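Structure, as structure tokens:
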Amino acid sequence: MASQNLQSVPAELSPEEQEREAAGKAYFDRIISEDSRIEPRDWMPEAYRKTLLRQISQHAHSEIIGMQPEANWITRAPSLKRKSILMAKVQDEAGHGLYLYSAAETLGQTRDKMMEDLIAGKARYSSIFNYPAISWADMGAIGWLVDGAAICNQVPLCRASFGPYGRAMVRICKEESFHQRQGFEILLELSNGTPEQKQMAQEAVNRWYAPSLMMFGPPDDDSPNSKQSMAWNIKRFSNDELRSRFVGMMVEQVKVLGLTLPDKDIRFNEETKKWEHGPLDWNEFKEVLAGRGPCNSQRIERRREAHENGAWVREAAVAYARKQAQKEHAA
Amino acid sequence: MTDKDTDFAIEGHGDISVGVQGAGASGDGSASATRITPGNALRPEDIALEVRRGQVKPSEDVAEFALRIGDDGLILAQRLGHWISRAPELEEDIALGNIALDQLGHARSFLTYAGAAWDKSEDDLAYFRREHEFRSAHLFEQPNGDFAVTIARQFIVSYYQYELYTALTASKDATLAAISAKAVKEVDYHRDHSAQWVLRLAGGTDESRARIIQGFKLVWPYVDELFEDDELTTRLAEAGVAVQPSSLRAGFDRLTGEIMAEAELDIPAVPQALGGGRRGKHSEFLGYIIAEMQVLAREHPGASW
């Protein structure tokens, strides 16, 4: 792989190679300073490649693992229209995973290897999917809060300096916007329904609110990688900045829903012109991240099982393709 | 709900057009942001609207017939939906999910239309009928098994449905013809998908070949039931509304036979099961399928979702 070669033999570059390196670096620096786009064949610093690969593969894994809590309700969706929307949504997530794995592959990592790392517990995915979806209203809260937070995070990524990532995000954000609307609709319907339905909706919002705020990542003073990502035009806004914007949006939307957010400390700070929220339990965040959330092992086990049960199918497809190619070659 | 209520535009994040119109724009009170279908495809909501306006109402016979094929799609969608997040490859999560969605879409249209005869909605029919009131054939309720069983089942289903919907596009019942015209285009893709996999699994590895042979053995007993005529289909065929299921058999045999021959697979020499799904006689599987499907709706009778 190109990235490994660059790492392993840095000292043995010939004068021509050194010149190419220098020209590549100059080009990279100019592209970044012009806020333009780096493409897969362009020279890039090793750390830039690694950061992107980590971020994009984590994002892809989040889509794939994120299918599970919602797939959990497909067979029990309470109306055929909702069933159909939910199926389409979970299917979109598989599609997002595919675009993102493809974007990551342009950085020199295969999808198989990324999947292997996920199953081996070596790769991370968004911690929020380690919480269980225990009621139908969770389909609403996940769409409204979790996808809502994802949109806030992801819309700026459409302008990420790495071309394949930015382009994948444009399409993903369009679909995420639909996902958030369907979540909002589910909650609105429940909130205007029977008292039991409304209670179901409120409980779901109560459970998903804090985890969704923590989706933006640790507070800025505890987020060591953010600064470099911002310098490379991958990340555009800080974690706290995005979190504050998200709170501001939710605080308005929750009124339309006729529900409340489980946070008495939300306020608009007139001085900073930013929305503020109550304290978040970052200890819990770290615990879940470290694998001690309610569903960590269940989620990975389900992925492992699907992957291993499908091994014979993938092998058959490869064997068949090889035989067909031989036939064509012989003809 | 208006556009304004659900306007999630995010300011200052660049140029993102969501490409989704809110409810306010269409002027249809039942419209929603999640009812986006490209082109002029016929949606279950359109049929429901026609029913409400009194523009269409099926005869008792047509409703019974629509119930049969609607139940086929519904039960199969319920089965296929289980694959989403469990498929052998991401591409198959998407493909099987898509087929499930198509089947559910057809089911919703047929059930909405059928329900118009009895003043019932698609959801009344899906969630508040009991086992013996379902009219699906046994093939559709067969368990997913491994990927090979699912593909074998899907192969039979899609070739059967293709013949059926093609014939129904000439129905004298305009609604049946319209739903079928949309469905046949989608089922054509399902045929392609399952045929490709039959060839791959049969011609792949020893293991995949053994599994697809076993898969066909498990589902083939439920083929004959699909092509059985009865009093209802006889009356509808005479009226030019439907065709006798037996008339679809030759096309099915020829086209599936071509693929089976290419895959070097024999039609399994297994006895045909008695069937009876069209009369509400089901296997042990259906009870569990509908228990899971109906549980939440039945906890909250009369609720809107």
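The values are calculated or read from the model by the stated rules, or taken from the named source; none is laboratory data. This structure is a prediction, so every number in the text was calculated from the model and none was measured. Glycine gets a Cβ as well: all are built from the backbone with ideal geometry, and neighbour counts include every protein chain shown.
Here are the numbers:
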| read-out | value |
| --- | --- |
| Of all residues making up the range B:82-128, the number that are small (Gly, Ala, Ser) and at the interface with another protein chain (Cβ under 7 Å from one of its Cβ atoms) | 6 |
| Residues satisfying the stated conditions in the range A:282-331, i.e. surrounded by fewer than 18 Cβ atoms within 10 Å (Cβ to Cβ), away from chain B (no Cβ under 11 Å) and among the hydrophobic types (A, V, I, L, M, F, W, C) | A:Trp282, A:Leu289, A:Ala290, A:Ala325, A:Ala330, A:Ala331 |
| Number of the condition not met by B:Gly240 [criteria: (1) touching a helix residue (DSSP H, G or I) at 6+ places or on another chain (Cβ under 8 Å); (2) farther than 13 Å from B:Thr150 by Cα] | (1) |
| Residue pairs meeting the criteria (Cβ under 8 Å; at least 6 apart or on separate chains; first at the interface with another protein chain (Cβ under 7 Å from one of its Cβ atoms), in the range B:287-300; second of a type in the set (Phe, Trp, Tyr) and part of a helix (DSSP H, G or I)) | B:Met293/B:Tyr127; B:Ala297/B:Tyr127 |
| The range A:137-169, residues that are under 13 Å from the mean Cα position of the chain (by Cα), over 18 Å from A:Ser57 (Cα atoms), among the small types (Gly, Ala, Ser) and more than 10 Å from chain B (Cβ to nearest Cβ) | A:Ala149 |
| Test result for A:Ser33, without any contact (Cβ under 8 Å) to a residue 24 or more places away in the chain, over 25 Å from the mean Cα position of the chain (by Cα) and within 14 Å of another protein chain (Cβ to nearest Cβ) | no |
| Test: residue in the range B:51-60 that is surrounded by 24 or more Cβ atoms within 10 Å (Cβ to Cβ) and modelled with pLDDT under 95 | no |
| Search result, residues across the range A:275-331 that are in a loop (DSSP other than H, G, I, E, B) and acidic (Asp, Glu) | A:Asp281 |
| Only listed residue being within 30 Å of A:Arg314 (Cβ to Cβ), assigned to a helix (DSSP H, G or I) and touching a residue at least 24 places away in the same chain (Cβ under 8 Å), chosen from A:Asp112, A:Asp117, A:Asp138 | A:Asp117 |
| Any hit, the range A:58-75, residues being within 13 Å of the chain's Cα centre (by Cα) and of a type in the set (Val, Ile, Thr) | yes |
| Pair list, Cβ < 6 Å and 6+ apart or interchain, from the range A:153-181 residues that are under 19 Å from A:Leu107 (Cβ atoms) and in contact (Cβ under 8 Å) with a residue 60 or more places away in the chain to residues that are in a helix (DSSP H, G or I) and of a type in the set (Phe, Trp, Tyr) | A:Ala168/A:Tyr99 |
| Residue selected from the range B:133-169 under the condition in a helix (DSSP H, G or I) and among the polar types (S, T, N, Q), by the criterion surrounded by the fewest Cβ atoms within 10 Å (Cβ to Cβ) | B:Thr166 |
| Some residue of the range B:13-26 being at pLDDT below 90 and away from chain A (no Cβ under 14 Å) | yes |
| Number of the condition not met by B:Lys172 [criteria: (1) farther than 25 Å from B:Asp224 by Cβ; (2) within 14 Å of chain A (Cβ to nearest Cβ); (3) assigned to a loop (DSSP other than H, G, I, E, B)] | (2) |
| Complete set of residues in the range A:100-112 that are over 12 Å from the mean Cα position of the chain (by Cα) and not aliphatic (A, V, I, L, M) | A:Ser102, A:Glu105, A:Thr106, A:Gly108, A:Gln109, A:Thr110, A:Arg111, A:Asp112 |
| Considering residues of the range B:55-75 that are touching a Ser or Thr at 6+ places or on another chain (Cβ under 8 Å) and in a helix (DSSP H, G or I) only, the residue farthest from the other protein chains (Cβ to nearest Cβ) | B:Phe65 |
| Residue satisfying condition, being of a type in the set (Val, Ile, Thr), within 13 Å of chain B (Cβ to nearest Cβ) and crowded, with 22+ Cβ neighbours inside 10 Å, within set A:Ile134, A:Ile172 | A:Ile172 |
| Helices (runs of 4 or more DSSP H) lying entirely in the range B:219-305 (those with 2 or more residues that are within 30 Å of A:Thr194 (Cα to Cα)) | B:285-299 |
| From A:Arg41, A:Arg76, residue being surrounded by fewer than 23 Cβ atoms within 10 Å (Cβ to Cβ) and away from chain B (no Cβ under 14 Å) | A:Arg41 |
| Selected residue [in contact with a Ser or Thr (Cβ under 9 Å, 6 or more places away or on another chain) and among the hydrophobic types (A, V, I, L, M, F, W, C)] from B:Ala303, B:Ala261, B:Ala210, B:Ala291 | B:Ala303 |
| Residue count for the range B:79-97, restricted to those that are surrounded by fewer than 24 Cβ atoms within 10 Å (Cβ to Cβ) and either aromatic (Phe, Trp, Tyr) or touching a residue at least 60 places away in the same chain (Cβ under 8 Å) (or both) | 5 |
| Residue match in the range A:22-32 (condition: over 30 Å from B:His300 (Cβ atoms) and buried (at least 22 other Cβ atoms within 10 Å of the Cβ)) | no |
| Residues of the range A:33-46 satisfying the condition of being of a type in the set (A, V, I, L, M) and closer than 25 Å to A:Ala150 by Cα | A:Ile38 |
| Residues satisfying the stated conditions in the range A:54-90, i.e. in contact (Cβ under 8 Å) with a residue 24 or more places away in the chain, over 21 Å from B:Glu89 (Cα atoms) and in a helix (DSSP H, G or I) | A:Gln55, A:Arg82, A:Ile85 |
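Conditions (1) surrounded by 19 or more Cβ atoms within 10 Å (Cβ to Cβ); (2) modelled with pLDDT of 95 or more, marked per residue:
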position: A:Glu196; (1), (2): no, yes
position: A:Gln202; (1), (2): yes, yes
position: A:Ser223; (1), (2): no, no
position: A:Lys227; (1), (2): no, no
position: A:Val256; (1), (2): no, yes
